[in-house]
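The values are calculated or read from the model by the stated rules, or taken from the named source; none is laboratory data. Please read all numbers here as calculations on a predicted model, not as lab measurements. Note: ideal-geometry Cβ built from the backbone for every residue, glycine included; neighbour counts use all protein chains shown.
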């Protein structure tokens, strides 16, 4: 017993050394590439640096972060009729007239702009932020990320199960399902943009018009209610193959004899999916979810090509701040914020899905 | 209901699903194909036609003009070569290096495993634009040519991906194989490349494909790092900047044609590799 | 089987090691090189790359360069040209012509990105890294103020005399704090395209001079065409997506109504006035009536697609659409013309100034040689050649509008001279280096008017407050 223990601790040491050696290349490569850019982004986020300019750079502490994140809620006062001293009421609708939300928000020391108005207990309030574009970008990106990843997981699982089944032409189908993922985003975004055209040159408007729905002039990409759903459709189409392929590989690692045993036990396909397949795929699903979520939250090309400056994702906001407004310090702070948002998601996944790798 | 009819119903359902899935996946591709045979005038037609038709008469009318300009475009053909070089190198490097890391993270016991996983992942948690100017400064300072710099910088995103995915797959393999091999006197490294690696072949192929396509489709880095080396430009850059007659014009038909032509080699590649793993080195191998 | 894996793995290990070695090198050097001194250190290492460039030039031009090489005086300049396509082909001929005539200064012409956003992004990356890679570049009319820090002053190289014959507005636009940072190269301006056949069909004598006339004509023609069965027909298409193009369109509405230029050249914020707010409200009233609901997602090419299919009576667009509308597959071949945009009153027309300048990077190793090439590119002789090239680039030299060859081969140019001489510049130089933010504030607020989120009066008030906060300028009347 003692002998075996000594041997195993020797083995453990050997294993540990080997692990460090095997990890070394990954770390050397990643650090060599990323260390300077990452440190400089972090450093710039505390300055007022202008991109590509001779203007002297000053340290501004947390100002950039404050400008990105400051929010306030203010009650909007009703308009008072100067003559009567009464609250003004619209003659036709009988609704109370309010002061403009813009003016209700503080301007000093920094200006707050309107994010949205809302009513509560008969009072009107306005949610203001120093940078509503960023707040909206964060919200939109999270909505986009969570919905696409959820849909991709469900659809990707269906696709993976289908092409894992035994049928003629399976190899062909496995290649076929990758078509959306294979087309460069620069091209696929333009295909979809064209299909979503706000007149009957677009596929959707033409089809809806043939079906007698819609005028044939629905502005899918410029109407705020349609923008995010359209983005989600495009991304789900494009990235489901990624999810499906990863899950397919996971499915193939599951030994077939487990299913044989389940068949003998008389478990139906649905039960065997939930009781056998899903638990065995947990690790694969977790990794697929982590990477898809991080990718979806960093979405850039799609938003930049299709929506431009009409609506930002977090990454396209950062891009326009740097390239258009040349606010290097500010965009660096925005990058750091993206990093933090992503970390929350990553850690959340690792905790909840038990991706923790330590076996003991 | 007999087993036979049950089986038949299952088949029909399966095929129905396959067909729905194929239409959903392929329709936008079909629309691109349809558009690639249209002239500017046909693209602007209302209502849109499902096959290219002449605007006034409504007769079927295909134009090959878009494909002619794609195939006569030297830069496009060169870009296929460049993209192949970049994507293959990135894939091979990311798989090789990532497999080491994945094995260590998935199967070996050592201290600090969680923090390693987090650090590797943290590298991909920045938007590309955040690291772009820092990387550009490093690259111009060191004078690294465009293609090697693309290969290096793409690793920043593909290496964490391969390392993580392979970690998951290695972990899924039964630990007994690993232990029994050790008992047989094999060193951990021998077990890694003689037993574990062949077992994860489907995972390697899959991960490789995904990393390959990721590198193949990248735009922002490629545009920036090839700015003064047009001969090194990759497909997305060439396609997005496809030649047009006039300066503000977007040659949509040509872009569609170029997109379709450039996806054919990838489709073939995927087809070939998929066939390799269809047999599944899975169940039987794991048992033995 | 096993042996094959061994071989593959061996190969991979070697590659990984090579890479790790390279990577290690980068790691030790990169962090040690802060941004500032990096450029000076970089200079020698980059020289070989720059000298290798001429091999890419056509063989014919290479010969004189090599012959001159032993003397060691050959300078190679990198010129980031237009995006691939028609204009690039013309630039290639120009570069070849120069290279043949000047063995001591060789140009290496490179295709730039098509999109202006990609292009400015690229320039900024190069400037930030203080890269010597780019010498000559083309500069959008709104960039001189922003990029002035990074560009040479042509006045040191005889620029003042060279631009004497150019449109003064453009020269003023390109002069930042007394430094001439860009040479006017070719100009551009918003035009009103109209369907001659439809005007005739509905009994109109000529294109509209005022916005009210435009509205009336659009409505009449649209109603008529729709009654005849073309349900996709619209009166007027323009650019309403929230991007720089909307700033151009909206500036035309505002300026042609007497509402000023957002910020005056004297650095006064003038946008908050009734004329401006009425102009924005007017544009809002078009949507769904004479302009499609989707116009708030339109950029130049979207408007042109509607026009190209014959589904619009009027279009606001740049001169590039003129040639394309004459292509075989266009539904409007021979049925259209272009003129000045309408105004609130006849003769108050305004066209937003577009166009491109030639600039030379301050970080260029050979600023003198590069300035020489730039002066040649922007010269009258070369501007004439580019006007007569298939892309019909519009000259900035006033004398060329009286040139007999241009009058004969490009009749529309002299005809449109009044449009270009009276073109209104965006306030890019006055608000530099913050023009992009100014424009962003302007078009975002205008976009909110177009989408019905705020009234014109609220919009101009909001723009004023935002611009005050951003620039610190005074507020005044236009």
Exception for residue C:301 within (1) in a helix (DSSP H, G or I); (2) within 30 Å of residue B:54 (Cα to Cα); (3) touching a helix residue (DSSP H, G or I) at 6+ places or on another chain (Cβ under 6 Å) falls at (3)
Per the list (1) in contact with a helix residue (DSSP H, G or I) (Cβ under 6 Å, 6 or more places away or on another chain); (2) at the interface with another protein chain (Cβ under 8 Å from one of its Cβ atoms); (3) surrounded by fewer than 24 Cβ atoms within 10 Å (Cβ to Cβ), residue check on residue B:195 breaks on (2)
Considering only helices (runs of 4 or more DSSP H) wholly within the stretch C:363-454, the ones with at least 1 residues that are not assigned by TED's automatic domain parsing to the domain that holds residue C:288 are C:367-377, C:380-388, C:404-409, C:412-415, C:417-421
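Give the residue, chosen from A:72, A:84, that is more than 30 Å from residue B:158 (Cβ to Cβ), surrounded by 13 or more Cβ atoms within 10 Å (Cβ to Cβ) and out of contact with any helix residue (DSSP H, G or I) (no Cβ under 7 Å at 6 or more places or on another chain).
It is A:72.
Residues B:137, B:116, B:153: which one is surrounded by fewer than 23 Cβ atoms within 10 Å (Cβ to Cβ), at the interface with another protein chain (Cβ under 7 Å from one of its Cβ atoms) and not in a loop (DSSP other than H, G, I, E, B)?
Numbers: B:137 fails: surrounded by fewer than 23 Cβ atoms within 10 Å (Cβ to Cβ); B:153 fails: surrounded by fewer than 23 Cβ atoms within 10 Å (Cβ to Cβ).
None of the other options fit; the residue is B:116.
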Picking from C:103, C:113, the residue that is farther than 28 Å from residue C:439 by Cα and part of a loop (DSSP other than H, G, I, E, B) would be C:103
Those residues of the stretch A:17-63 which are in contact with a helix residue (DSSP H, G or I) (Cβ under 7 Å, 6 or more places away or on another chain), closer than 17 Å to residue A:330 by Cα and assigned to a helix (DSSP H, G or I) amount to A:37, A:38, A:40, A:41, A:42, A:44
- [ ] Inspect all residues belonging to the stretch B:252-274 and state whether any of them is outside any helix (DSSP H, G or I) and either more than 30 Å from residue C:124 (Cβ to Cβ) or at pLDDT 90 or above (or both).
- [x] no
Q) Has the stretch C:307-321 got any residue that is free of Cβ contacts under 8 Å to residues at least 12 places away in the same chain, within 14 Å of chain A (Cβ to nearest Cβ) and out of contact with any strand residue (DSSP E or B) (no Cβ under 9 Å at 6 or more places or on another chain)? A) no
I'd like to check something: does the stretch A:73-86 contain any residue that is in a loop (DSSP other than H, G, I, E, B) and within 11 Å of chain C (Cβ to nearest Cβ)? no
- Message: Any residue at all in the stretch A:231-248 that's within 14 Å of chain C (Cβ to nearest Cβ), surrounded by fewer than 24 Cβ atoms within 10 Å (Cβ to Cβ) and more than 17 Å from residue C:292 (Cα to Cα)?
- Response: no
- Test residue B:106 against the criterion of being in a helix (DSSP H, G or I), facing another protein chain (nearest Cβ under 7 Å) and either crowded, with 20+ Cβ neighbours inside 10 Å or free of Cβ contacts under 8 Å to residues at least 24 places away in the same chain (or both), and give yes or no. no
Within the stretch A:132-145, the residues that are surrounded by fewer than 16 Cβ atoms within 10 Å (Cβ to Cβ) and either within 14 Å of chain B (Cβ to nearest Cβ) or without any contact (Cβ under 8 Å) to a residue 24 or more places away in the chain (or both) are A:139
Residue count, the stretch A:279-293, condition in contact with a helix residue (DSSP H, G or I) (Cβ under 8 Å, 6 or more places away or on another chain) and either farther than 24 Å from residue A:348 by Cα or loosely packed, with under 13 Cβ neighbours inside 10 Å (or both), comes to 0
Every listed condition ((1) within 11 Å of another protein chain (Cβ to nearest Cβ); (2) in contact with a helix residue (DSSP H, G or I) (Cβ under 8 Å, 6 or more places away or on another chain); (3) under 24 Å from residue C:321 (Cα atoms)) holds for residue B:49 save (3)
Taking the stretch C:157-182 and keeping residues in a helix (DSSP H, G or I) and in contact (Cβ under 8 Å) with a residue 60 or more places away in the chain leaves C:157, C:159, C:162, C:169, C:170, C:172, C:173, C:174
If we ask which residues in the stretch A:292-310 are in contact (Cβ under 8 Å) with a residue 24 or more places away in the chain and under 14 Å from the mean Cα position of the chain (by Cα), their number turns out to be 11
Picked from the stretch C:242-256 (must be crowded, with 24+ Cβ neighbours inside 10 Å and in a loop (DSSP other than H, G, I, E, B)), the residue nearest to the other protein chains (Cβ to nearest Cβ) is C:242
- Item | Filter pass, residue A:334 being at the interface with chain B (Cβ under 9 Å from one of its Cβ atoms) and either free of Cβ contacts under 8 Å to residues at least 40 places away in the same chain or under 13 Å from the mean Cα position of the chain (by Cα) (or both) | no
Restricting the stretch B:215-239 to residues that are within 9 Å of chain A (Cβ to nearest Cβ) and part of a helix (DSSP H, G or I), the one surrounded by the most Cβ atoms within 10 Å (Cβ to Cβ) turns out to be B:235
So the helices (runs of 4 or more DSSP H) completely within the stretch A:259-360 holding 2 or more residues that are more than 21 Å from residue B:210 (Cβ to Cβ) and touching a strand residue (DSSP E or B) at 6+ places or on another chain (Cβ under 8 Å) are A:328-353
Exactly one of A:357, A:343, A:352, A:313 is at pLDDT below 95 and more than 8 Å from chain B (Cβ to nearest Cβ), and that residue is A:352
Over the stretch C:124-143, the set of residues more than 7 Å from every other protein chain (Cβ to nearest Cβ) and either in a loop (DSSP other than H, G, I, E, B) or in contact with a helix residue (DSSP H, G or I) (Cβ under 7 Å, 6 or more places away or on another chain) (or both) is C:130, C:132, C:135, C:136, C:137, C:139, C:140, C:141, C:142, C:143
Those residues of the stretch C:330-373 which are at pLDDT below 95, out of contact with any strand residue (DSSP E or B) (no Cβ under 7 Å at 6 or more places or on another chain) and surrounded by 19 or more Cβ atoms within 10 Å (Cβ to Cβ) amount to C:330
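Here is a yes/no grid of residues against (1) crowded, with 21+ Cβ neighbours inside 10 Å; (2) part of a helix (DSSP H, G or I):
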residue: A:171; (1), (2): no, yes
residue: A:181; (1), (2): yes, yes
residue: A:189; (1), (2): yes, yes
residue: A:208; (1), (2): no, yes
residue: A:213; (1), (2): no, no
residue: A:222; (1), (2): yes, no
residue: A:226; (1), (2): no, yes
